[in-house]
Amino acid sequence: VQLQASGGGLVQAGGSLRLSCAASGRAVRSYRMAWFRQAPGREREFVAVINWLDGDTYSAASVKSRFTISRDNAKDTVYLQMNDLKPEDTAVYYCAATTSIDWVVSTAQIKYWGQGTKVTVSS
């Protein structure tokens, strides 16, 4: 499975960005797709996860009211819509594929990682 993330950039606080993750390879639909982020000097943390089949999602409490994960099955692409961005959202965002059925996915449960896309939120 290959994951290609895009959509990062520089945005002012209060602004929005939409990240995309194009998935390809065998049995892509057998994985659940997740977004993680890693801020400078901090550990990589879970952001959100989605099921390809039924679209069920779960998001971390810190972003739940502002970020939305979605998918386009026809394009094998997962999105992360980020609204009302804050400086503390500054991080490299990674898409990932997992077989875990847990709603909160740990980095140890990730089978494949995308290359990351950088998001910088200025105050």
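Can you give the Kirkwood hydrodynamic radius of the range 68-122 from its Cα pairs, in Å with one decimal?
The Cα-based Kirkwood calculation yields 13.0 Å.
Going by Cα centres, the range 1-53 and the range 56-98 are how many Å apart?
Here the two parts' Cα centres lie 6 Å apart.
Which order do you get for Tyr94, Tyr112 if you rank them by accessible area with a 1.4 Å probe, largest at the top?
Tyr112, Tyr94
Tell me, what are the semi-axes, in whole angstrom and largest first, of the equivalent ellipsoid of the range 26-123 as set by the roots of 5 times the Cα gyration tensor eigenvalues?
Largest first, the range 26-123 gives 22, 14, 12 Å.
Of the heavy-atom accessible surface of the chain (probe 1.4 angstrom), what whole percent is carbon and sulfur?
Its accessible area is 47 percent carbon and sulfur atoms.
What FRET efficiency would be calculated for the residue pair Ala39, Asn73, taking the C-beta separation as r and a Förster radius of 30 Å, to the nearest 0.05?
E(calc), rounded to 0.05, equals 0.45.
Enumerate the lysines that Lys118 could reach by cross-link, defined here as Cα to Cα under 21 Å, with residues fewer than 8 away along the same chain left out.
Candidates past the 8-residue exclusion: Lys64, Lys86.
Over the chain, average the accessible area per residue using a 1.4 Å probe and give it in Å², no decimals.
Result: 52 Å² of accessible area for each residue.
Roughly how many debye, to the nearest 20, is the charge dipole of the chain about its Cα centre, given +1 on each Lys and Arg Cβ, -1 on each Asp and Glu Cβ, and no other charges?
Computed about the Cα centre, the dipole is about 220 debye.
Taking loop as defined by DSSP and a crowding limit of 14 other beta carbons within 10 Å, which trypsin sites (Lys or Arg not before Pro) in the range 1-95 fit?
Qualifying residues, ordered by number: Arg26, Arg42, Lys64.
Which of these, Ala34, Ala61, Ala97, has the largest mean-square fluctuation under a Gaussian network model of the chain (Cα springs below 10 Å)?
In this elastic network of the chain, the residue with the biggest mean-square fluctuation among Ala34, Ala61, Ala97 is Ala61.
When only C-alpha pairs under 8 Å and at least 6 residues apart count, what is the relative contact order of the range 68-123, in percent?
Dividing the mean separation by the residue count of the range 68-123 yields 36 percent.
Taking 0.36 nm per residue of sequence separation and subtracting the Cα-Cα distance, how much length would be gained by fully extending the chain between Val104 and Ser122, in nm to one decimal?
3.6 nm
The values are calculated or read from the model by the stated rules, or taken from the named source; none is laboratory data. Being a predicted model, the structure only gives us computed values, none of them experimental. In this analysis, Cβ positions are derived from the backbone assuming ideal geometry, glycine residues included, and neighbour counts consider all displayed protein chains. Surface accessibility is based on the protein's heavy atoms, side chains included, excluding ligands, DNA and RNA. Shrake-Rupley method; radii C 1.70, N 1.55, O 1.52, S 1.80 Å.
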